[in-house]
Amino acid sequence: MGKNIYKFIFYLMFFTSFESKEQVMFIDDYGDGQFADWGNTMQWNINNQLPIAGNSSLRHVAGKDIDFAFTPIAQFGDIVFNELMTDPTPVVKLPNAEYIEVKNISQFPVNLKNWLLEANGKQKILSDKTIAPGEFLLLCGTDNSTILKSYGNCLEVQGLLLANDGVNLKLYSAAKEIIDSFNYKPAMHRKGFSGGGYSLERIDPLRKCGPDSNWETSTSDNGGTPGTENSVFRDNQDTLFPTINSIIVANPGLLEVCVSEMPDKESVTANLFSYLPSLPTPDSILFDYNNLKYSIYFPRGAINDGIIYDLTVNGLADECGNKSPAEHHEFWYYLPKPGDLLINEVLFNPFPAGVDFVEICNYSGKKIKLDEVCIGSRDNNQIIKSIFPLSVKSEIMLDREYAAFTSDSATLLINYYSACPSCIFEMEKFPAYNMDEGWVVLLNKEMEIIDEFHYLESMHHSMISDVKGISLERSSFSKSSDDPLNWHSASETVGFATPGYQNSSAEIISETTKIVTFEPKIFSPNDDGFNDRFLIKLNPGESGAIVNIRIYNENGLEIKRLANNLMIGAQDVVEWDGTTENHRKAGLGIYIVQVELFGLQSGKKQFKSVCVLTDRLE
């Protein structure tokens, strides 16, 4: 506390010449700014401090010097929660016992008699125990003081239990004044350490603001440091200003603004927000202390559908006094309608140990928030089931973007190449899709169907004997999702699936009507960066065509089978690197390239061209 000017109350017990015991109460407010050290013996002359005229009892002590020890009333922050062990199992090295460590950071001893410890709303009265300045005290449950006493001073609190999934702690003085509080959440631990055995330690006990960034998992080999200085102890004063974490339009009349840390009282009560285009004055603004969220309630329907607004946040400050500069953020309300999002690719029969995925494309011309869209399936009675949000975060999908959703993105990327790995999203819960037949259903948050695809294993290419690990791809966005002819097996040339990027069977409008193009006529595969490969560009006009490509020398002998029953997309490219079937370098000269195309709709077609291989391979 330091040497400040205090108005204090203390009691002096003494015996007079009478048999009765008298009690004298001193109330004083020093005006000179001087005060004795807390806890030290002081001497007071009664004659100079009390108006004793007419008081026979006090006249007996008038003029006497009386010694007493002064201890001021504990203030907020004098005793702090310093370490918390809610889940001691699996045991690391400490005893299997829950504990709360408190520390006296004041300059005077504090007695906890009749103080209140509150854990998740349940209050426990503390017994007579004094904590010296700088000392630690372990608060533990019934019978745990015996096994924890070797670590330091303990105070047993009958019936104290700490919930593993979170505990809201408050400490009150005997005068019912709040001394400290702490809201513990397992997510505050380092990743991988929330399962038990390790305590959560306060970094800087002198910091009285921004608690979420002032606690860390213990780094002690024992799993905690009960009764001693914390393993993570260091100076950790907060110098960072608060920021906006997310903005959510819950409905056309409710805007939710989540912040990074607890604002100060003024920021909680003040209107920090302005809008462009302008919005009506909010009916009310509430702050959720548990989720650090402002809820701004406008008149019903005030936020117009599809309009992008600019939110200005000005004057936001945290409990430590750090004030953020004015921030600008976009927000909008748009409920996806049928046809805005289209199912574009589905893998329902993955490789062994593989995973399903569903890819969609934003065809709305607008930004769409993924947490406002759900995916599901249907049961045998056509009832929609297993409905899960695409995302639990406010992730945005831009117009004409692709996004693939799965239960395990890492496994999916092991099995398939993606031109956009960031376009693959791992869902916490993902519907289970049957391997032979099923339904993929996209819904908005009002459970209106946006798009739906009824898939069958028989929709795969008839020449594929084993469809395991091969996705079905949509060919055209202009054709309906329920048109079986709009779906084709993914091309072998892309690895049988295209998660997160354009389909191999995508309908592409080409300026040329040529089905096969050969280029360049002369190539030199010496890796000098110029015409190093002979390209056979295929444009069969349909997905799922099968191609055979043979290379012959000028004597008519086959030297290379470049493609053998290769399934290709609507547009594809096959390269020849100038090597023979046994991977040897082909000699210089003229070569004949023969292409056979087999299409389900176009039938068999043959093409032939000549190329010249020049310059020796180095």
Scan around residue 357 for amide H atoms under 5 Å from its own, H built in the peptide plane at 1.01 Å from N, and keep only partners 5 or more places away or cross-chain. 347
Relative contact order of region 291-369 (C-alpha contacts under 8 Å, at least 6 apart) in percent is 23
With label points set 7 Å from each Cα along the Cα-to-Cβ direction at residue 419 and residue 609, the distance between them in nm comes to 2.1
The pairs in 479/514; 293/367; 113/323; 191/445; 185/323 lying past 28 Å Cα-Cα in this model are 113/323; 191/445
Using the Karplus curve 6.51 cos²θ - 1.76 cosθ + 1.60 with θ = phi - 60°, what ³J(HN,Hα) values do you get for each residue of region 543-556, in whole Hz, with x for Gly and Pro? 8, x, 5, 10, 10, 10, 10, 10, 10, 10, 7, 5, 8, x
If amide H atoms are built 1.01 Å from N in the plane of the peptide, which residues on other chains or at least 5 residues away come under 5 Å of the amide H of residue 403? 360
Given [x] 43.8, 150; [y] 27.3, 100; [z] 37.9, 138 as candidate values of Rg and Dmax of the Cα atoms in Å, which corresponds to the one derived from the coordinates? [z]
Separation of the residue 111 and residue 208 label points, Cα + 7 Å toward Cβ, nm: 2.4
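Contact order normalised by length for the chain, with contacts defined as Cα pairs under 8 Å and 6 or more residues apart; what percent is it?
Computed value for the chain: 7 percent relative contact order.
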Set of aspartates and glutamates near residue 265 by C-alpha distance (under 12 Å), chain-local residues within fewer than 8 positions excluded: 318, 319
The cysteines in the chain that find no other cysteine Cβ closer than 4.7 Å to their own Cβ are 140, 154, 258, 361, 374, 611
Could you sort 478-486, 309-317, 94-102 so that the peptide with the highest average Cβ count within 10 Å comes first and the rest follow in order? 94-102, 309-317, 478-486
By how many nm would the segment from residue 555 to residue 245 grow when fully extended, if each residue of separation counts as 0.36 nm and the alpha-carbon distance is taken off? 104.5 nm
Once phi is turned into ³J(HN,Hα) by the Karplus curve 6.51 cos²θ - 1.76 cosθ + 1.60 with θ = phi - 60°, what whole-Hz value does each residue of region 173-190 show in order, with x for glycine and proline? 6, 4, 8, 6, 8, 5, 9, 7, 8, 7, 9, 7, 10, x, 5, 6, 6, 4
Would you kindly derive the ³J(HN,Hα) couplings of region 284-298 from the backbone phi angles with the Karplus curve 6.51 cos²θ - 1.76 cosθ + 1.60 (θ = phi - 60°), listing them in order in whole Hz, with x for Gly and Pro? 6, 10, 10, 10, 8, 5, 6, 9, 6, 9, 8, 10, 9, 9, 9
Using Cα centres only, tell me the gap between region 511-543 and region 371-412 in whole Å. 39
Which shape class applies to region 326-446: rounded if a/c is under 1.5, otherwise prolate when a/b exceeds b/c and oblate if not, where a ≥ b ≥ c are the square roots of the Cα gyration tensor eigenvalues? oblate
Run the quick spin-label model on residue 190 and residue 398: label points 7 Å from Cα toward the beta carbon, then report their separation in nm to one decimal. 3.7
If the chain between residue 177 and residue 93 were fully stretched, how many nm would it gain, using 0.36 nm times the residue separation less the Cα-Cα distance? 26.6 nm
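So, for region 497-618, what is the accessible surface per residue at a probe of 1.4 Å, expressed in square angstrom? Let's see the in-between values first.
Details: 6500 Å² over 122 residues.
Value returned for region 497-618: 53 Å² of accessible area per residue.
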Got a number for carbon plus sulfur as a percent of the chain's accessible area, 1.4 Å probe? 49
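For residue 293 and residue 548, calculate 0.36 nm times their separation in residues minus their Cα-Cα distance, and state this gained length in nm to one decimal.
85.6 nm
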With R₀ set to 22 angstrom, the calculated FRET efficiency between the beta-carbons of residue 454 and residue 602, to the nearest 0.05, is 0.25
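With +1 assigned to the C-beta of every Lys and Arg and -1 to the C-beta of every Asp and Glu, and no other charges, what is the dipole magnitude of region 356-482 about the Cα centre in debye, to the nearest 20?
300
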Among 357, 181, 249 the positive-end extreme of the charge dipole of the chain (Cβ point charges): 181
By the Cα gyration tensor axes a ≥ b ≥ c (a/c under 1.5 gives rounded; else a/b larger than b/c gives prolate, otherwise oblate), the shape of region 483-618 is prolate
Kindly provide the helix-only [θ] at 222 nm of the chain, computed as the sum of -39,500 (n - 2.57) over DSSP H runs of four or more divided by all residues, to the nearest 500 deg cm²/dmol? -500 deg cm²/dmol
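What does the charge dipole of region 504-603 about its Cα centre add up to, to the nearest 20 debye, if the Cβ of each Lys and Arg holds +1 and the Cβ of each Asp and Glu holds -1?
In debye, rounded to 20, region 504-603 gives about 260.
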If amide H atoms are modeled at 1.01 Å from N in the peptide plane, then the residues at a separation of 5 or more from residue 519, or on another chain, having amide H under 5 Å from its own are 535, 537
Rounded to the nearest Å, what's the spacing between the alpha carbon centres of region 83-147 and region 228-297? Just the number, please. 32
Gyration tensor (alpha-carbon) shape descriptor, region 311-366, a/c threshold 1.5: oblate
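Using per-residue counts of other Cβ atoms within 10 Å, averaged over each peptide, order 581-588, 128-135, 240-247 from highest down.
In decreasing order of mean packing, 581-588, 128-135, 240-247 become 240-247, 128-135, 581-588.
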Taking a label point 7 Å from the Cα of residue 408 along Cα-to-Cβ, the residues of region 354-379 whose backbone nitrogen sits under 11 Å from it are 354-356
What does the charge dipole of the chain about its Cα centre add up to, to the nearest 20 debye, if the Cβ of each Lys and Arg holds +1 and the Cβ of each Asp and Glu holds -1? 220
Please list 145-154, 207-216 highest first by mean number of surrounding beta-carbon atoms within 10 Å per residue. 207-216, 145-154
If R0 is 22 Å, what FRET efficiency do you get for residue 480 and residue 514 from their C-beta distance, rounded to 0.05? 0.15
Over region 372-420, calculate the relative contact order: mean separation of alpha carbon pairs under 8 Å at least 6 apart, over the residue count, as a percent. 24
Zone of residue 585's modelled label, taken as backbone nitrogen in region 522-547 under 11 Å from a point 7 Å along Cα→Cβ: 525-527
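The values are calculated or read from the model by the stated rules, or taken from the named source; none is laboratory data. Owing to the predicted nature of the structure, the values given are computational and were not obtained by experimental measurement. Here Cβ is always computed from backbone atoms with ideal geometry, including for glycine, and neighbour counts include all displayed protein chains. When the accessible area is computed, the model is the full protein with side chains, heavy atoms only, and any ligands, DNA or RNA have been set aside. Shrake-Rupley method; radii C 1.70, N 1.55, O 1.52, S 1.80 Å.
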